[in-house]
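Have a look at the structure below, then the notes.
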Amino acid sequence: MNEPIHRTVDANGIRIHVAEQGSGPLVLLCHGFPESWYSWRHQLRALSQAGFHAVAPDMRGYGSTDRPAEIERYTLFHLVGDMVGVLDALGEKQAVIVGHDWGAPVAWHAALMRPDRFRAVVGLSVPYRPRGSIAPTSVMPQNADATFYQLYFQAPGVAEAELEADARISLRKILYSGSGDVPRRNPGAASGSGVGMVPRAGGFLTRMPNPETLPPWLEGADVDFYVQQFQHSGFRGGLNWYRNIDRNWELMAPYAGAAVTVPALYMAGDLDLVVSFPRMKEVIADLARYIPQLRGTIMLPGCGHWTQQERSNEVNKALIDFLRSL
């Protein structure tokens, strides 16, 4: 069985499309922005061949999964609830949950809130961050010339208009610019050009090059698939995740200071822009304080943000080694 099987399940009040491959212990793969179940194509095959049941949903708001209209229906509680609902729909009591980019906070918080259902966790790119003392958007960087991209994403309709004007150009720019293949400028060399900053006289894509040729890990057919997905779904669902950052902070008050107690692994590329965000290196260095069963932190040299696509072999090996160690 070389190709994933696709089906739609009822979970947490919505219909969720999943791609699945293999049989054995369940591994649930949560993608980020702006992605798809397809971001896990290399892992679905490798995990199935290693004796696991790998399941990659289109997350809430993406692809063939439902896209509720209301912004407030994209909180971390909804997203974790969706993953619990997928387990229920599959008739499974437990899974190991793996998340990349925005899928990583979903995975970390699934393990935090429901260690009875998620017996181990792997985070790619985004580390676990314990709840801070003030609302996150209040401390995001901005200046006269530029604003942090997560602030730019807050106003409904603005980023949608920019990204949906030409989904192919948008996705080519985002996938290339986030990768380890893009020539690295000195971050912050120009005024307002720090990591993740969007110029006020422009948009999210303004400073991103559209590559003449794609990097070796990304084929034209891959871009075609993503384009088709976002031409169908639009970008609003994915952007709505960002519009709940402060609401998530409010809702997470009961979990302030709580530890992720299940076995865990963190993996990122050393050229991932997320690793360059303010205070992120300290967060990563301090992970074991909040994850007492952290089995390791793996930094992939020369790898950018799209960890499991850019370095599929290394990610697959680390995932399978971790799963077999449990």
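A few comments on the model shown:
- The set of residues in region 86-114 that are out of contact with any Leu (no Cβ under 9 Å at 6 or more places or on another chain) and farther than 28 Å from Met280 by Cα comprises Asp88, Ala89, Gly91.
- Taken residue by residue, region 217-227 has at least one member that is over 20 Å from the mean Cα position of the chain (by Cα), at pLDDT 95 or above and not acidic (Asp, Glu).
- In region 298-326, the residues that are over 15 Å from Ser39 (Cα atoms) reach residues that are modelled with pLDDT of 95 or more and loosely packed, with under 14 Cβ neighbours inside 10 Å with C-beta atoms within less than 6 angstrom, at least six apart or across chains, in these pairs: Met299/Asp270; Pro301/Asp270.
- A search for C-beta distances below 8 Å between a residue of region 81-93 that is within 16 Å of Val27 (Cβ to Cβ) and any residue that is among the basic types (Lys, Arg), counting only pairs 6+ apart in sequence or on different chains, returns Val84/Arg114; Val84/Arg117; Leu87/Lys93; Leu87/Arg117; Lys93/Arg117.
Table: residues versus (1) small (Gly, Ala, Ser); (2) closer than 19 Å to Ala95 by Cα; (3) surrounded by fewer than 19 Cβ atoms within 10 Å (Cβ to Cβ); (4) out of contact with any Cys (no Cβ under 7 Å at 6 or more places or on another chain).
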{"position": "Ile16", "(1), (2), (3), (4)": "no, yes, no, yes"}
{"position": "Gln21", "(1), (2), (3), (4)": "no, yes, no, yes"}
{"position": "Cys30", "(1), (2), (3), (4)": "no, yes, no, yes"}
{"position": "Glu35", "(1), (2), (3), (4)": "no, no, no, yes"}
{"position": "Ser48", "(1), (2), (3), (4)": "yes, yes, no, yes"}
{"position": "Gly51", "(1), (2), (3), (4)": "yes, yes, yes, yes"}
{"position": "Gly61", "(1), (2), (3), (4)": "yes, no, no, yes"}
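- Of all residues in region 201-246 being among the acidic types (Asp, Glu) and surrounded by 12 or more Cβ atoms within 10 Å (Cβ to Cβ), the one that is farthest from Arg168 (Cα to Cα): Asp246
- Any hit, region 197-214, residues being outside any loop (DSSP other than H, G, I, E, B) and among the polar types (S, T, N, Q): no
- Near pairs, Cβ below 9 angstrom, 6+ apart or cross-chain, from region 210-224 (more than 19 Å from Asp166 (Cβ to Cβ)) to any residue that is at pLDDT below 95 and surrounded by 11 or more Cβ atoms within 10 Å (Cβ to Cβ): Pro215/Val182
- Unmet requirement for Trp40, which otherwise passes all of (1) among the aromatic types (Phe, Trp, Tyr); (2) closer than 18 Å to Asp321 by Cβ; (3) free of Cβ contacts under 8 Å to residues at least 40 places away in the same chain: (3)
- Every pair of residues 6+ apart whose Cβ atoms lie under 7 Å, when the first sits in region 247-258 and is closer than 12 Å to Phe77 by Cα while the second is among the polar types (S, T, N, Q): Arg247/Thr75; Asn248/Thr75; Leu251/Thr75
- Here Trp249 fulfils each of the conditions (1) in a loop (DSSP other than H, G, I, E, B); (2) surrounded by 14 or more Cβ atoms within 10 Å (Cβ to Cβ); (3) modelled with pLDDT of 95 or more apart from (1).
- In region 271-296, residue surrounded by the most Cβ atoms within 10 Å (Cβ to Cβ) [restricted to those that are free of Cβ contacts under 8 Å to residues at least 60 places away in the same chain and assigned to a loop (DSSP other than H, G, I, E, B)]: Gln293
The values are calculated or read from the model by the stated rules, or taken from the named source; none is laboratory data. None of these values were measured; they are calculated from a predicted model. Note that each Cβ is placed from the backbone with ideal geometry, even for glycine, and that neighbours are counted across all protein chains shown.
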